[in-house]
Amino acid sequence: MEFQLAWRNIWRNPRRTLVIMCAVIIGVWSMIFLGAVMQGMAVDMVNNSIATLTGNVQIHHKNYQSDPVVENSITGIGSLASTLNQHLPPGAKWASRVRVNVIAQNARHTNGVTLVGIEPLKEAEISFIGQALIDGRYLEPGDRHGIIVGEALLEQYETKLGHKLILTSQDTDQEMVSRAFRIVGTFRAQMQETEKQFVFVSLGAAQKMLKLNDRVSEVSIVLADHRNSAKVSENLKKILSGTSFEVKTWKELLPVLMAYLQIFNGFVFVWYLVVFVAMGSGIVNTMLMAIFERMREFGLVKALGMKSSRIVKEVLIESFLLLLIGTLVGNLLGILCILAFSQNGIDLTVFAAGAEYIGISRVVYPALRAGDLIIANVVVFVLGLLISLYPALKAAKFTPVEALGHT
Amino acid sequence: MDFKMAWRNIWRNPRRTLITVSTIAFSCLLLVFIMSFQFGGYETMINTSVKIHSGHLQLQAKDFKEKRNIRMVVEDPQILGKMLDEISGVKSYTYRSEGFSIISSDQRSFAGSVIGIDPEKEAEVSNLKSIIRQGSYLSSDDFNQALVGEHLANKLKVGLGDEIVILGQGRDGSIAAGVVTVQGIFNSGLDEFDRSTVHIRRADFEEIFTMGGAVHKVVITVKALGEVSRIKEMIAKATENMVWKRSLVVLDWKELMPGLSQSIQMDLAGAVIFYLILILVVAFSILNTFLMAIFERTKEFGVLMALGVTPGRLTRLLLIESMSITIIGIAVGICVGSLLSWFFQVHGIDISGSSELLTEYGISGRVYTRLSLLSALSGPGVMLIITFAAALYPALKVRSLTPVKALSHG
């Protein structure tokens, strides 16, 4: 009954109702769609960082993080491997790496790069390098002279496939060692910086060059579900306590990224509130208008014995219906827009260097998070009903005499 | 007359007017403040980054920026210096040379850049002198002394007074080698810079890398950020006249730090979308107030029309009403927003809570909002246009009324 009454009431002035609904629809649409774009950027940042040789959980020598040199590498990879195989949850993949800063040189250029020694087959499953090859061939296990470099580095060094690159670094005896590698493949990464920074050789070749024997710099683990990172890391910490290993999750490895994500989330929430204030005042004004028009009516029903609380309820149901239709359509439009962009993404190529500066890819895909969707709708509904209390109480306060005397 | 009538009409329902005015005022305030904050943040970022190393403008050999080849030099920098002395708006300039080297202590070796500086002039251009955390800055009569980035010093395991060895390639292709003593350790807040650079006197650099009097960069700072493009053009013109300087290029901070400049553009583009949506929501929210003006007062308009008021005058009356409301709101919003921005322009906003992130982006500690005509007026200006469009609909609608129909309106 009440719903029917409210429904008829809001359509007594369809133009007014449609205008205020438009405000709600645009507001909700922008919350959902722009929220998803922001979230897409955040997800992209995280994925880029995880795929760029971070992984979900990493194990290092306990001094490696503060002093990443070859001396601080992991020994006893064999027993660690059996521990990992035994304790990691199903679906988890891991690979070990040597990672060290070296000087890369050819006839024309010299620069500092990061040498990554990888187990080619296992690495392909856990980081970007598996799908990033654009030319030449991938490394083979135990590849003795092959090296894979980024496209941007190839240009920087004015060299090409098949040419040599000389790497120089300090080995475990503090001696400078140099070794020539032949470029067998080039990769393309989301970011030019990655292409310039990392060069890949096989684990064996890196260990031999640096006299590491079977030692490695890090073990990187990728889980089937990255939300389990903290749990897995806690578990490994317990098992590996008392050893020289240190276990870290990606959140601990990338504090700057985490701080950025927090700012992102804060910004989205502030945005929700600002949009809400703009549309909330519209809702209050519209509802006020609607009740003042119907003053006589309210006076009459009151004179006939309707309770104030019922009038409050009646007005609240009206704004509830307004909000309901507005948010439904807004959600629908928002989701449609997200779907429209989910195929090809939003192209930021114009801002390529800027996108790289803040760590996102050139194409961003909006990502809808259930939490954001719920928060946006709850903000609109709860606050919307809350401010509608003002006109509702106003309507309930009309006394029959005053209201009926009003023309 | 029309104004008086419009003014009285507005206040026939003070509550409604106040709610509408405050919606507009609040949105304008927000726009002014957020934009000032944004511009302030950009300026802080730019000035901090510029001061750490790049300067506002640089003169370099063509392609040096991409290839960093030690043979791509600026010959006879003093001639360029004389030219710069004559350009107004140039605050200071200095010469720098830089070479890629292997930098070693007795335990460790790392790759990095050795930068040759003129200590006194360098201090006018960059903040290197003020970021020395241990030891002291270079003076021009020190011999073979070096300033080392904090992270690099840690990696090399060296402290003040320790020796480091520089090994690289000289300009003539010969092996460049030298031993320098750590005199100071600096921390700029930019990890990459602190991890990979060593500064020595340019005279020492000259000797180690056999530069023959040439340098790699002339680094220039200007008095006001807004003047960069004008000065850049002047320098470009001046160097063009020197026929033998054809291989030189002038680069501004946007070209020196394309990531910074483009991320600012991207941020700005994103923000504009947010602002437009906000303004649109506001416009729809207040459209109802304007619409009401005709539906509530249909009878009244009928009377006015019967008395001979032309539809054109009615439209004008209604537009004056809605625009007065809008303009009051906008004026209040601009005033309060500007005051707020001005307050934080003087006092700054403490954002050290998220400092780790911000140092990565070259901001440290405090951000000052930057109130400008652009930040104070562009948001409210767009708001004015869009609300005017919203007010136009009811104001034109009224023209289709006829006195008879209007007077019989319930």
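Quick check on the stretch B:372-410: of everything there that is closer than 20 Å to residue B:304 by Cα, β-branched (Val, Ile, Thr) and in a helix (DSSP H, G or I), which residue is modelled with the lowest pLDDT? Among them, the one singled out is B:404.
Screening residue A:229 on (1) within 19 Å of residue A:78 (Cα to Cα); (2) among the small types (Gly, Ala, Ser); (3) in a helix (DSSP H, G or I) shows it passes everything except condition (1).
Just need a number here: residues in the stretch B:137-151 that are assigned to a strand (DSSP E or B) and either surrounded by fewer than 20 Cβ atoms within 10 Å (Cβ to Cβ) or hydrophobic (A, V, I, L, M, F, W, C) (or both). Can you show your working first?
Going residue by residue through the stretch B:137-151, those that are assigned to a strand (DSSP E or B) are B:145-149.
So of that shortlist, the ones also either surrounded by fewer than 20 Cβ atoms within 10 Å (Cβ to Cβ) or hydrophobic (A, V, I, L, M, F, W, C) (or both) come out as B:146-148.
Total meeting the criteria: 3.
For the criterion of being of a type in the set (Gly, Ala, Ser), surrounded by fewer than 22 Cβ atoms within 10 Å (Cβ to Cβ) and more than 7 Å from chain B (Cβ to nearest Cβ), residue A:280 fails. All of (1) closer than 28 Å to residue B:119 by Cα; (2) β-branched (Val, Ile, Thr); (3) buried (at least 17 other Cβ atoms within 10 Å of the Cβ) hold for residue B:264 with one exception: (1).
Residue A:239 meets all of the listed conditions (1) buried (at least 17 other Cβ atoms within 10 Å of the Cβ); (2) β-branched (Val, Ile, Thr); (3) part of a helix (DSSP H, G or I) but one, namely (1).
Look at the stretch A:246-264: where a residue is within 13 Å of another protein chain (Cβ to nearest Cβ) and a partner is crowded, with 19+ Cβ neighbours inside 10 Å and among the hydroxyl-bearing types (Ser, Thr, Tyr), sitting 6+ places away or on another chain with Cβ atoms under 7 Å, you get A:254/A:54. The criterion of at least 2 residues that are within 14 Å of chain B (Cβ to nearest Cβ) and in contact with a Lys or Arg (Cβ under 8 Å, 6 or more places away or on another chain) is met by the following helices (runs of 4 or more DSSP H) wholly inside the stretch A:73-164: A:151-156. Between B:323, B:292, the distinction of being more than 20 Å from the chain's Cα centre (by Cα), within 11 Å of another protein chain (Cβ to nearest Cβ) and touching a residue at least 24 places away in the same chain (Cβ under 8 Å) belongs to B:292 only. Quick check: is even one residue across the stretch B:41-52 of a type in the set (Lys, Arg), more than 12 Å from chain A (Cβ to nearest Cβ) and either farther than 30 Å from residue B:371 by Cα or buried (at least 18 other Cβ atoms within 10 Å of the Cβ) (or both)? Scanning the stretch B:41-52 turns up at least one residue that is of a type in the set (Lys, Arg), more than 12 Å from chain A (Cβ to nearest Cβ) and either farther than 30 Å from residue B:371 by Cα or buried (at least 18 other Cβ atoms within 10 Å of the Cβ) (or both). Counting the residues of the stretch A:165-193 that are assigned to a loop (DSSP other than H, G, I, E, B) and either under 34 Å from the mean Cα position of the chain (by Cα) or more than 21 Å from residue A:206 (Cα to Cα) (or both) gives 4.
Every residue, every condition in (1) over 19 Å from residue A:372 (Cα atoms); (2) hydrophobic (A, V, I, L, M, F, W, C), yes or no:
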{"site": "A:302", "(1), (2)": "yes, no"}
{"site": "A:309", "(1), (2)": "yes, no"}
{"site": "A:314", "(1), (2)": "yes, no"}
{"site": "A:317", "(1), (2)": "yes, yes"}
{"site": "A:324", "(1), (2)": "no, yes"}
{"site": "A:327", "(1), (2)": "no, no"}
{"site": "A:331", "(1), (2)": "no, no"}
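The values are calculated or read from the model by the stated rules, or taken from the named source; none is laboratory data. All values reported here derive from a predicted model rather than from experimental measurement. Neighbour counts are summed over all protein chains in view; Cβ atoms, including those assigned to glycine, are modelled from backbone coordinates with ideal geometry.
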